[in-house]
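Let me begin by presenting the structure, written as structure tokens, before commenting on it.
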Amino acid sequence: MTAPTATRGDFSSIRSAGASGKDFSALPLPVKLLTAGTAACIADFVTFPLDTAKVRLQIQGEGRQLMTALASPTTVQIVRAGGSPEVYQGLVGTITTMARQEGFRSLYNGLSAGLQRQMCFASVRLGLYDSVKEMYARILMPEGSGVDGNLGVGALAVGLRVAAGITTGGLAVLLAQPTDVVKVRFQAQRKNHTGPKTPNSQRYSSTIQAYRMIGREEGIRGLWKGTIPNISRNAIVNVSEIVCYDIIKESILHYNLMTDNVPCHFTSAVIAGFCTTVAASPIDVVKTRYMNSPKGQYKGATDCAIRMMVQEGPLAFYKGFTPSFARLVSWNIVMWLTYEQLKLFVRRVHNQNNT
């Protein structure tokens, strides 16, 4: 294996050698936003049932109290009091139960809001990432500053990516939060054909009706409910997902392990998906619980997290981990492969129109 050539921390030598990446970054901003949003919508459509199963597992057991009871002077038993029995068991069991009890279409509850969210959310966090990263690089690594040497993958290079990921992730949440609230509410609601109504029974009949009903009953703040935990979650997701993918892909290219093709993109996406699931699951569960809660159930996201710990124990923060992992890895694979191919297509069309 040939030794890697010297490169600065942001791998600019690789970027300058990769015409496709350079050409795409030079395209108009609306084109980049639309490309990123389209790729994310395709990925969301393919993996939406996994996301719905994740939400159902995350809210299952909500409100059930965790108690300790002395079985003997030397033994402590953990028991749960109150609440309905758990109806979902694992990823496959959840999908099967939902399809049997509520119909296959229930797996796509909230798809409309989900696609709206991705077009607003992913277009910003993905489409602006390279531009924001380059802006930070110009500020922190200006020409003639003495930092143009061989930085490898040092702290400054990683820091630039992390800062860009946090910035675009937070901005995207502020813009797309109402769509996320509606999506979670739709995914959480169950179609009760028989039996009493529950907090998660069907509340909304359409996306527009959900926006109106939440705004009317909970005010404008209801549509931005859970913004702080969602910003925290998506800062982590953006750093884990986009930054990991960015670093892993360019490291693979840097050390000549693969060429810039589908196997390279696939490998980078799987690793990034796993890192994202491990890092984001706890705050994702809190975000889902809080967004889905009726007005007044929790004082805030922190109160929701504390109650989860007290009532259900620490493992509650990793409820739905398997569908989260399956969904995020699948989403990353579909999204990044689609995004990379769309970038090539858009660049080719743009070049043809300018020749």
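Relative to the current alpha-carbon distance between residue 221 and residue 138, full extension at 0.36 nm per residue lengthens the span by 26.2 nm.
Averaged over residues, the count of other Cβ atoms within 10 Å places the peptides 219-229, 305-315, 279-289 in the sequence 279-289, 219-229, 305-315, highest first. Modelled label positions at residue 351 and residue 299, each set 7 Å beyond Cα in the direction of Cβ, lie 6.0 nm from each other. For residue 190, nonlocal amide neighbours, meaning residues 5 or more places apart or on other chains whose placed amide H falls under 5 Å from its own, are 201, 202.
Only protein heavy atoms count here; on that basis, with a 1.4 Å probe, residue 120 has an accessible area of about 60 Å². Highest mean packing comes first when the peptides 96-109, 158-171 are listed by Cβ atoms within 10 Å, giving 158-171, 96-109. Is the shape of the range 241-314 rounded, prolate or oblate, going by the alpha carbon gyration tensor and its root eigenvalues a ≥ b ≥ c, with a/c under 1.5 for rounded and a/b larger than b/c for prolate? Here the range 241-314 falls in the prolate category.
With kT/(6 pi eta Rh) evaluated at 4 °C and eta = 1.567 mPa s, and Rh the Kirkwood radius from Cα pairs, the range 229-355 diffuses with a coefficient of 78 µm²/s according to Stokes-Einstein. With 0.36 nm allotted per residue and the present C-alpha distance subtracted, the residue 344-residue 256 stretch has 29.6 nm of extension available.
Note on residue 104 and residue 306: their simple-model spin labels are 4.7 nm apart, each label 7 Å out from Cα toward Cβ. Beyond 21 Å in Cα-Cα separation lie the following of the pairs 287/343; 54/287; 32/54: 287/343; 32/54. Each label was represented as a point 7 Å from its Cα along the Cα-to-Cβ direction; for residue 87 and residue 131 these points are 4.5 nm apart.
The values are calculated or read from the model by the stated rules, or taken from the named source; none is laboratory data. Model, not experiment: these values are computed from the prediction. Cβ atoms come from the backbone with ideal geometry, glycine included; neighbour counts cover every protein chain shown. Note: accessible area is taken over every heavy atom of the protein model, side chains too, but ligands, DNA and RNA are not part of it. Shrake-Rupley method; radii C 1.70, N 1.55, O 1.52, S 1.80 Å.
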